[in-house]
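Beneath this line is the structure, given in structure tokens, with notes to follow.
The values are calculated or read from the model by the stated rules, or taken from the named source; none is laboratory data. Since the structure is predicted, the reported quantities are computational estimates derived from the model, not experimental observations. Cβ placement follows ideal geometry from the backbone for every residue including glycine, while neighbour counts extend to all protein chains displayed.
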Amino acid sequence: MTLLTHELKASYAFIERNFFLTRRYWGWELAFLVYSAAGALSISLIGAESGNPRLLLTLIVGAIFWNYLSVVFSWIAETIAVERWEGTLEYTMMAPVHRSTQLLGSVAYAMAYGVIHTIAILIAMLLFFPDLAAANANPLTVVVFMVLGSFSFVGIAMLAAILPLLYVERGAQMTFVLQSVLLLVSGVYYSIDVLPGWMQVLSRLSPATYAIDGVRRGLIDGVPIGDLLGDAWPLVVMGIVMIPVGLWAFGRAEQYAKRTGKLKRVG
């Protein structure tokens, strides 16, 4: 129990540090929030112009939930990049703290921040679309897929966090490219059926494909979770497999970085 308490306190320390980073760069955070809201509204206005309420809801759900997943992904995937920018990477990596403890704190903060960020965008949506309603929504389905989508995304984000560790100069750019690819193949704003065949294969490997489809069908059509097991089980498997794999791979990458001197601030 004492060991568990110590690890939880250490994880909270990383949550607190991320909060202080957000507060320090509040101007950039506000700018990113405005940009995200403007992007989501721009996409949603396409549905409004079409006069098709279902298309409007489809685009809004995709925009809002992708925003949540992308915020979670970014905070975890950019953990190393932020440490390097702050000049604290070597100190953090040499501290007597389990890496899983650090990542747990980063994941917890990423999810909390993602929820707050998404609520702000939802409020902006309601200001533009005050009559927006999903009368048939199934809240349980939406919550379940938000949780499953979050944890399945965590494993991929942990693997992405390795890139800035191994590639000092280009790692952060590579994580952004990966995030962009996930956006393209995950059916965020359209059915994956319109993609070329080889891209549809990639879409099946993205947890966002199943998470967004589950949230969309639960919110728009009110489909119960029992009827969406085809979307749920891939997310469960991805979460169970990818998180341990991500932790293991991150540990190996950390050992390599220490051995080859990649913890310095610049490459």
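Things worth noting here:
- Residue that is farthest from residue 232 (Cα to Cα), among those in segment 169-207 that are touching a Gly at 6+ places or on another chain (Cβ under 7 Å) and of a type outside the set (Ser, Thr, Tyr): 169
- Exactly one residue out of 180, 203, 191, 152 is surrounded by fewer than 24 Cβ atoms within 10 Å (Cβ to Cβ), of a type in the set (Ser, Thr, Tyr) and under 18 Å from residue 242 (Cβ atoms): that is 203.
- Matching entry among 110, 134, 81, 172 (being modelled with pLDDT of 85 or more and surrounded by 14 or more Cβ atoms within 10 Å (Cβ to Cβ)): 110
- Close contacts from segment 188-201, counting a first residue that is touching a residue at least 60 places away in the same chain (Cβ under 8 Å) and a second that is among the β-branched types (Val, Ile, Thr), with Cβ to Cβ under 8 Å and a gap of 6+ residues or different chains, come to 188/212; 189/43; 189/58.
- Count of residues meeting criterion [over 15 Å from residue 163 (Cβ atoms) and in contact with a Gly (Cβ under 9 Å, 6 or more places away or on another chain)] in segment 76-99: 1
- Taking segment 172-267 as the region of interest, the helices (runs of 4 or more DSSP H) fully inside it that hold 2 or more residues being of a type in the set (Gly, Ala, Ser) and in contact with a helix residue (DSSP H, G or I) (Cβ under 9 Å, 6 or more places away or on another chain) are 207-216, 229-260.
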